[in-house]
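Okay, structure first, notes after.
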Amino acid sequence: MKRRAGGTDQLSVPADMPFHLSTEQVLAMAPDAASAKHGQKLAVAHSWKDVGQNEQAAWGECKGSGNQPYQVQVDLASSSLGYRCSCPSRKQPCKHVLGLLLLLAGQSPHLTHKAPPQWVAEWLAQRQARAHKQAQKAEQPRTVVDPESQQKRLAKRYASVNDGLLELDIWLADLVRQGLGNLSAQSTLWEERAARMVDAKAPGIARLLRQIAQQNIQSEHYQRDMLERLGRLQLLIEGFQRMDELPIEQQAD
């Protein structure tokens, strides 16, 4: 199984699987048949330079279409087979990673044991730092939610939303009283009211107000559509005010 990890990809490897993978195991990691085929073509010495390995990693620079070779590296020491390549491919693992793993699986004599270059050492250090941070986070005790505090927070938010909707109710009544004939949907009053609803902890209402502002005022049915949206807002306000009378499913809506 493959997953992303902070810009570096990695393959989850079963605990009983050795890192001396076979050719078949490497090819099984390929995202598709084309990647597997291209990876096999790259598993030859003349496609690489500065290849090497040690107990922690394997690496190499693979020739590409550009002037600069692609830097390819595989982490062999972690609990997951992490890898990274500097190529722009969106396929993971890419053909260059597969080529390096195939060299490793075939125990190529060109993968000599030596100290890694700086770009590999820095990548390994970053992975180790992330792993250490994740381990520390996992060891931290989970925060126990205090039901009383949670209830207080909910009550505070409910009061804030209620106050915001009471203001909106008065505002909507004034709009309808003044008439919608000359009302411009692009007016800043919609954004101002939407911002007020965000402050009142009612972002869903703010989104509805901004949708009204995005209506095409040149549309033949503009006033009808606006009146319908305003009616939905009014229905929402009344529903919130009668929350305790509604069934649980409608309260959630």
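The values are calculated or read from the model by the stated rules, or taken from the named source; none is laboratory data. Bear in mind that the values here come from a model prediction, so they are computed numbers and not experimental data. All Cβ positions, even for glycine, are placed from backbone atoms using ideal geometry, and neighbour counts span all protein chains on display. We work out accessible area using only protein heavy atoms, side chains counted, and drop any ligands, DNA or RNA first. Shrake-Rupley method; radii C 1.70, N 1.55, O 1.52, S 1.80 Å.
So how much accessible area does His221 have, in Å² to the nearest 10, using a 1.4 Å probe?
80 Å²
Send over the per residue convex hull volume for the chain, Cα only, as a whole number of Å³. Please list the in-between numbers first.
On the way: hull volume 64.4 nm³, N = 253.
Hull volume normalised by residue count: 255 Å³.
Suppose R0 equals 51 Å. What FRET efficiency, 1/(1 + (r/R0)^6) with r the Cβ-Cβ distance, do Lys37 and Ala252 give to the nearest 0.05? It would help to have the intermediate numbers written out before the result.
Details: r = 52 Å, r/R0 = 1.02.
For R0 = 51 Å, the calculated efficiency reads 0.50.
On a C-alpha basis, how far is the centre of region 18-65 from the centre of region 83-109 in Å? Whole number, if you could?
4 Å
Which aspartates and glutamates, if any, have their Cα less than 13 Å from the Cα of Lys201, not counting same-chain residues under 8 positions apart?
Leaving aside aspartates and glutamates fewer than 8 places away in the same chain, those within reach of Lys201 are Asp163.
Nearest 500 deg cm²/dmol is fine: what mean residue ellipticity at 222 nm does the chain get from its DSSP H runs of n ≥ 4 alone, each adding -39,500 (n - 2.57), divided by its residue count?
Theoretical 222 nm ellipticity from helices: -16500 deg cm²/dmol.
Which order, highest average first, do 117-124, 153-160 follow once you tally other Cβ atoms within 10 Å for each residue and take the mean per peptide?
On the way: 117-124: 15.6, 153-160: 11.8.
So the peptides 117-124, 153-160, ranked by packing, come out 117-124, 153-160.
Determine the share of the chain's accessible area contributed by carbon and sulfur atoms, expressed in whole percent, with a 1.4 angstrom probe. Don't jump to the answer; show the numbers that get you there.
Values: 8340 of 16230 Å².
For the chain, the apolar C and S fraction of the accessible surface comes to 51 percent.
Cβ neighbours within 10 Å, averaged per peptide: list 51-61, 29-39 in order, most packed at the top.
Working: 51-61: 19.6, 29-39: 16.1.
Listed from highest to lowest mean packing, they are 51-61, 29-39.
For Lys91, give me every one of the aspartates and glutamates with a C-alpha distance below 17 angstrom, ignoring sequence neighbours fewer than eight places off in its own chain.
The reachable aspartates and glutamates, counting only those whose Cα sits under 17 Å from Lys91, are Asp9, Asp32.
Which stretch or stretches of region 78-120 have amide N atoms under 15 Å from the point lying 7 Å from Ala135's Cα along the Cα→Cβ direction?
It comes to 78-80, nothing else.
Could you order peptides 188-195, 101-108 by the average number of other Cβ atoms within 10 Å of their residues, highest first?
Sorting 188-195, 101-108 by mean packing, highest first, produces 101-108, 188-195.
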